[in-house]
Amino acid sequence: MVSYYTPSLLVERGGNMLKMQSLIKHISTRFVPLLFIVCSIIGLLASGLSVHFVANEVLNRFIRNGVMILALIIPIKAGMGINFSVTVGAMCAQAAFISVVAMDINRFKGISVLVIALLMSSVAGYIIGLVLNQVKGKEMITTIIIGFLANSVYQLVFLVCVGGLFAVPNRDILLSRGIGIRNLIDLVDFRGVLENLLAVDIAGVHVSVFMIGLVLMVGFILHYFIETPFGQEIRCVGMDAEKSNKVGINSEGIRIKVMMLSTVLATLGHLIYLQNIGMLNVYTGHLKHEVFASAALLAGGATIKEAHIKHAFTGLILFHTLFIVSPQAGQELFNNPALGEYFRSFIAYGTIAFALIMNLKENDINT
Amino acid sequence: MNIVVYLKQFKEPQWIIGLFLIILVWIAGLLDMSLTTLFNESLIKLAMNGVLVLSLLPMLNGGMGLNFGLSVGITSGLVGMCIGINMGLSGLVGFLGCIIFAIGVACIIGTVYGKLIIQLKGREEIGGTFIGLSFIPIMNFFWTLVPFSNRQMLYPIGGKGTRPRIGLRPYFAGVLDQLWVVEISGIKLPLGLFLFCGLLATIIICILKSRYGRGLIAIGENEQFAEASGVDIEKLKIRAVIFSTVIAAIGICVYVQSYGFLELYDAPLTMVYPAVSALLIGGATNKRGFVFQVVIGTYLLQSIYLLSVPIANQLLLPEISEIIRSIIANGIILYALIIGGKRWKHA
């Protein structure tokens, strides 16, 4: 089977050129995490926030965003780059919550949300996979546009069609004019249902053992999933789709399955996120998740060609630490919290731009 | 190119958009809206957005795809204008002075942007998107900290940091729109505006037909072949990016004088996708684009934008026009990506 050639292998082959390459590769894969660690420490010192507070917040965000980041890994393994259409998965999760609340379902609420969300996200993932098979080599920009388009369709459905084209039993969630859903839906029945299972306090930090275990377990399942025959096929398609077609792997079918899996995972991630928050911002709740998730993954040292579970988990912690401290640091250093906010969005977008530029440079060296 | 030959190249999206526009005009007629007023406005909208769409051409023809980092050019134009307004420039001469500042700023920022873009061989579109997105927060730092002294540009309270929205009435709002307006039976032709945009279009055509432009198009068609025949690819590509950025900076100046307000901070991001989809509606492919495609595409898209607002207000909900706009803009881009992919597969 295909094996990744490791830097040590390159050194064994000898030659200064190859040593240089491995050195560059070492630095470029470690550079982003190192930068994040340095920035986080400076931010933490400047902001004057207590370590307790930051640890609490980071753990909370680890639970909220963990599965969403894991959803990005499989498309990268399949050579499709970062899947920015995880927003579609998030929209499916929100649509499931809205439909359960709107239909006044009283029994088995949680199960029905899960079933509706999974059904919708597998259909959405299938469609995204079909589209991406038409645009080989330009998957990333296409997923961005798909995300925008899906957002518009989502707005059309919930702002115009609900109440306008079809009536819903629960009229409390409609706007006063009778058409369209309100901006905010209270998910009081779902708030923290999973959080409070097995929750313990360790030195003042609230730790929800069950949720952290769940996120870690999804990570481990994915890790072993890659080693199964199906996972190997995915990696094979990621290396060279043409050649894997020749050895009898249906690469287009694999790519569709990969997108379905990614969208379903994103939906699960957003379900966890929403039950943690307990509030549903109908029109803005799903936005920007793709940017933060991919920036966090890249902050952990992943590239657009290579990503592992460990990158996702380290990236989560690094990125969110910086994210929590930067507004307060901006307030303390420049007396202006808006600057910290700008720094935050620069970090999110800049990390992705940097990873794109660096990765292609690396390719140049390899070929 | 002959107009009949061009019409034959029309694909489904052009026909659908054209049909949609005709239906909208028909509905507007039924609702007793003044069609001459709408036509006058559509002409201004064409010139207002046309220059921004034109700015995509040099990069598209140089094989760098659609410039999704258009916000870089737009923001550098805004910086140039702000410098001009801070000095109190007004009237037509002041507007031209602002354009000169904008060109200067765009040359500097465009060089940096070009150096980044040439690193992204084959992935300029996604890379440009994120360079554009991360440029906005950097410039937000600039807008907050820049030491401008004109009180009308700064926040009324505190007097630090520029406002998100600066009114241009005391400076040069509508100077080009109201220059040499000829009225023929109710239809107002803003000749000054058209001449200015036509001049820019002519400059682009001339540059693309020059020795430099032919080299650029050769790169767009086959990069290896162009390199083998002795074209300095990196130099030409960086120049194309600078050229694109400069035209985008001039484009935002034209847009802003017509709109009457200078919008800073995150506003440039909202202009990128409509501009890209206007070019694609005109029939440009991922490899080649022409000036007449810009004119036709911009006119179709902007007329739909213009008509959809009053119609949606009268017939449906006000929100629906905004949603349909973005469905059209993003749907066209997705369609063009899929079609471009199919061509690539058959080749």
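The values are calculated or read from the model by the stated rules, or taken from the named source; none is laboratory data. Small disclaimer: the values here were computed from a predicted structure and weren't measured. Using ideal geometry, Cβ is built from the backbone for each residue, glycine included, and neighbour counts are taken over all protein chains shown.
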TODO: Please specify each residue of the range A:76-86 satisfying the condition of being over 15 Å from A:A296 (Cβ atoms) and within 14 Å of chain B (Cβ to nearest Cβ).
DONE: A:G79, A:M80, A:G81, A:S85
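Condition check: out of contact with any Lys or Arg (no Cβ under 8 Å at 6 or more places or on another chain), charged (D, E, K, R) and closer than 27 Å to A:L356 by Cα. Does A:R107 satisfy that?
Answer is no for this residue.
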- [ ] Of all residues in the range B:115-129, count the ones that are more than 7 Å from chain A (Cβ to nearest Cβ) and within 16 Å of B:L66 (Cβ to Cβ).
- [x] 4
Open item on the list: Here are the criteria: (1) free of Cβ contacts under 8 Å to residues at least 24 places away in the same chain; (2) surrounded by 15 or more Cβ atoms within 10 Å (Cβ to Cβ); (3) not acidic (D, E). Tell me which single one B:Q178 does not satisfy.
Closed with: (2)
TODO: Quickly run through the range B:268-301 and pick out the residues that are closer than 16 Å to B:L70 by Cβ, touching a residue at least 24 places away in the same chain (Cβ under 8 Å), of a type outside the set (A, V, I, L, M) and in a helix (DSSP H, G or I).
DONE: B:P268, B:Y273, B:P274, B:S277, B:G297, B:T298
Task: Every residue from the range A:232-263 that is free of Cβ contacts under 8 Å to residues at least 40 places away in the same chain, among the small types (G, A, S) and not in a loop (DSSP other than H, G, I, E, B) - done: A:S244, A:S251, A:G253
Task: Filtered residue count, the range B:188-199, keeping only those that are under 21 Å from B:R239 (Cα atoms) and crowded, with 20+ Cβ neighbours inside 10 Å - done: 0
TODO: Might you let me know whether the range B:283-296 holds any residue that is surrounded by 23 or more Cβ atoms within 10 Å (Cβ to Cβ) and either within 14 Å of chain A (Cβ to nearest Cβ) or not hydrophobic (A, V, I, L, M, F, W, C) (or both)?
DONE: yes
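Would you check if there is a residue in the range B:113-122 being aromatic (F, W, Y), outside any loop (DSSP other than H, G, I, E, B) and either under 24 Å from B:L43 (Cβ atoms) or under 19 Å from the mean Cα position of the chain (by Cα) (or both)? Write out each step before concluding.
In the first step, residues of the range B:113-122 are kept if they are aromatic (F, W, Y); the result is B:113.
Filter again for outside any loop (DSSP other than H, G, I, E, B), leaving B:113.
Cutting the leftovers down to either under 24 Å from B:L43 (Cβ atoms) or under 19 Å from the mean Cα position of the chain (by Cα) (or both) gives us B:113.
Taking every residue of the range B:113-122 in turn, at least one turns out to be aromatic (F, W, Y), outside any loop (DSSP other than H, G, I, E, B) and either under 24 Å from B:L43 (Cβ atoms) or under 19 Å from the mean Cα position of the chain (by Cα) (or both).
Which one of A:I63, A:I76 is modelled with pLDDT of 90 or more and surrounded by 16 or more Cβ atoms within 10 Å (Cβ to Cβ)? Reasoning before the result, please.
Numbers: A:I63 fails: modelled with pLDDT of 90 or more.
On inspection, the qualifying residue turns out to be A:I76.
Can you tell me which residue within the range A:298-322, out of those that are in contact with an Asp or Glu (Cβ under 9 Å, 6 or more places away or on another chain) and part of a helix (DSSP H, G or I), is nearest to A:H223 (Cα to Cα)? Break it down stepwise before answering.
In the first step, residues of the range A:298-322 are kept if they are in contact with an Asp or Glu (Cβ under 9 Å, 6 or more places away or on another chain); the result is A:303, A:305, A:320-321.
From the residues that got through so far, the ones that are part of a helix (DSSP H, G or I) too are A:320-321.
On the way: A:H320: 23, A:T321: 25 Å.
Only one residue tops the list, namely A:H320.
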- [ ] Write out, first by first residue and then by second, each pair whose Cβ atoms fall under 7 Å of each other, whose residues are 6+ apart or on separate chains, and whose first residue, in the range B:327-347, is more than 7 Å from every other protein chain (Cβ to nearest Cβ) while the second is modelled with pLDDT of 85 or more and in a helix (DSSP H, G or I).
- [x] B:I328/B:I304; B:A329/B:Y273; B:A329/B:P274; B:A329/B:S277; B:I332/B:S277; B:I332/B:L280; B:I332/B:I281; B:A336/B:L280
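Would it be correct to say that B:Q257 is surrounded by 15 or more Cβ atoms within 10 Å (Cβ to Cβ), modelled with pLDDT under 90 and closer than 13 Å to B:G50 by Cα? Steps first, answer last, please.
On the way: surrounded by 15 or more Cβ atoms within 10 Å (Cβ to Cβ): yes; modelled with pLDDT under 90: yes; closer than 13 Å to B:G50 by Cα: no.
Considered against the rule, which asks whether it is surrounded by 15 or more Cβ atoms within 10 Å (Cβ to Cβ), modelled with pLDDT under 90 and closer than 13 Å to B:G50 by Cα, B:Q257 comes out as no.
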Task: Residue that is farthest from the chain's Cα centre (by Cα) [pool: residues in the range A:318-343 that are within 8 Å of chain B (Cβ to nearest Cβ) and either crowded, with 21+ Cβ neighbours inside 10 Å or of a type in the set (D, E) (or both)] - done: A:L339
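Determine which member of the set A:S112, A:S152 is within 30 Å of A:E252 (Cα to Cα) and among the small types (G, A, S).
On the way: A:S112 fails: within 30 Å of A:E252 (Cα to Cα).
Result: A:S152 is the single residue among A:S112, A:S152 that is within 30 Å of A:E252 (Cα to Cα) and among the small types (G, A, S).
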Open item on the list: Exactly one of these conditions fails for A:V188: (1) farther than 22 Å from A:V291 by Cα; (2) away from chain B (no Cβ under 12 Å); (3) touching a helix residue (DSSP H, G or I) at 6+ places or on another chain (Cβ under 8 Å). Give me its number.
Closed with: (3)
- [ ] Could you please let me know if B:P310 is buried (at least 22 other Cβ atoms within 10 Å of the Cβ), away from chain A (no Cβ under 11 Å) and either over 28 Å from A:Q134 (Cβ atoms) or in contact with a Lys or Arg (Cβ under 6 Å, 6 or more places away or on another chain) (or both)?
- [x] no
Open item on the list: Looking at the structure I just gave you, is B:G132 more than 14 Å from every other protein chain (Cβ to nearest Cβ) and within 30 Å of A:T303 (Cα to Cα)?
Closed with: no
Task: Selection from the range A:104-140 of residues that are more than 18 Å from the chain's Cα centre (by Cα), surrounded by fewer than 21 Cβ atoms within 10 Å (Cβ to Cβ) and in contact (Cβ under 8 Å) with a residue 24 or more places away in the chain - done: A:D104, A:K109, A:G110, A:L114, A:Y126, A:L130, A:N133, A:K136
Task: When residues of the range B:313-326 are limited to those that are assigned to a helix (DSSP H, G or I) and within 10 Å of chain A (Cβ to nearest Cβ), the one nearest to A:I146 (Cα to Cα) - done: B:S326
Open item on the list: Residues to consider are B:I187, B:I138; find the one that is closer than 30 Å to A:G81 by Cα and either in contact (Cβ under 8 Å) with a residue 12 or more places away in the chain or within 10 Å of chain A (Cβ to nearest Cβ) (or both).
Closed with: B:I138
Open item on the list: On the basis of being over 18 Å from A:H289 (Cβ atoms) and more than 9 Å from every other protein chain (Cβ to nearest Cβ), does A:V115 make the cut?
Closed with: yes
